[in-house]
Amino acid sequence: MKSNTQFSFELMWDAVVKCDKRYDGKFFYAVKTTGIFCRPSCKSKTPKYNNICFFENAADAIQQGSRPCKRCQSELSIVTFDPQQDIVEESINYLKQHYRETITLNSLAFKIGVSPYYLSRIFKEKLGVTPHKYLESIRIHRTQQLLLNTVHNSTEICFQVGLCSAK
């Protein structure tokens, strides 16, 4: 058993009992009787106090003969799948590739496969700006580059980056 010097046994035990996600990746615990190790946030039945030991990382637990929990997938990286982040990243990629086009919140949300309200809400939550503001910043950045590096006039550049429409 390897002890964790960063936290006291009692603090780690309390994190396990409360299934505290804040400690995920900071330590792991193993149940001596089952030989399974988990993250502190694992929702499995709380083990008996005397049957638990702690490890600084998953590799240490495996090296001591424990096997990963199938429920919390303790052997996997602490980075967890965040579907909202994937939606935001997909939106960003689309905006970067299609910034010259007319893009509305509705058209972007349809392309990504979510509702406009949901897209706007999670985009702002993750980045602090709306998709429209993000698109504007892409266009402005590209405009600055073109103004500095081309001989096009400002009207031509506006059309190139999607700031003007022929309406």
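The values are calculated or read from the model by the stated rules, or taken from the named source; none is laboratory data. Quick caveat, the model's predicted, so the values are computed rather than measured. Don't worry about glycine lacking a Cβ; one is built from the backbone with ideal geometry, like all the others, and counts go over all protein chains shown.
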Meets criteria (surrounded by fewer than 14 Cβ atoms within 10 Å (Cβ to Cβ), touching a Lys or Arg at 6+ places or on another chain (Cβ under 7 Å) and not charged (D, E, K, R)) for GLN97:
no
Restricting segment 1-28 to residues that are under 12 Å from CYS72 (Cα atoms) and in a strand (DSSP E or B), which is farthest from the chain's Cα centre (by Cα)?
PHE28
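Is it fair to say ILE87 is at pLDDT 90 or above and part of a loop (DSSP other than H, G, I, E, B)?
On the way: at pLDDT 90 or above: yes; part of a loop (DSSP other than H, G, I, E, B): no.
For ILE87, the condition - at pLDDT 90 or above and part of a loop (DSSP other than H, G, I, E, B) - is not met.
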When both residues are 6+ apart or on different chains and their Cβ atoms are under 9 Å apart, which pairs have a first residue that lies in segment 146-165 and is touching a residue at least 24 places away in the same chain (Cβ under 8 Å), and a second that is of a type in the set (Asp, Glu) and not in a loop (DSSP other than H, G, I, E, B)?
LEU163/GLU136
Can we say VAL129 is modelled with pLDDT of 90 or more and part of a loop (DSSP other than H, G, I, E, B)?
yes
Candidate set from segment 97-126 (those that are in a helix (DSSP H, G or I) and among the aliphatic types (A, V, I, L, M)); member that is farthest from ILE157 (Cα to Cα)
ILE122
ALA59 passes all but one of the listed conditions (1) modelled with pLDDT of 90 or more; (2) over 25 Å from THR143 (Cα atoms); the exception is number (1)
Search segment 1-26 for residues that are under 19 Å from SER66 (Cβ atoms) and among the aliphatic types (A, V, I, L, M) and pair each with any residue that is at pLDDT 85 or above and surrounded by 17 or more Cβ atoms within 10 Å (Cβ to Cβ) when their beta-carbon atoms are under 6 Å apart and the residues are at least 6 apart or on different chains.
MET1/CYS53; MET12/PHE27; MET12/PHE54; ALA15/TYR23; ALA15/PRO40; VAL16/TYR29; VAL16/PRO40
Within segment 29-59, track down each residue that is part of a loop (DSSP other than H, G, I, E, B), farther than 17 Å from CYS72 by Cα and in contact with a strand residue (DSSP E or B) (Cβ under 7 Å, 6 or more places away or on another chain).
LYS32
For segment 102-129, how many residues meet the condition of being of a type outside the set (Phe, Trp, Tyr), in contact (Cβ under 8 Å) with a residue 12 or more places away in the chain and within 20 Å of VAL88 (Cβ to Cβ)?
12
Please go through segment 28-70 and give me each residue that is hydroxyl-bearing (Ser, Thr, Tyr), closer than 13 Å to VAL17 by Cα and either in contact (Cβ under 8 Å) with a residue 40 or more places away in the chain or loosely packed, with under 14 Cβ neighbours inside 10 Å (or both), ordered by number.
TYR49
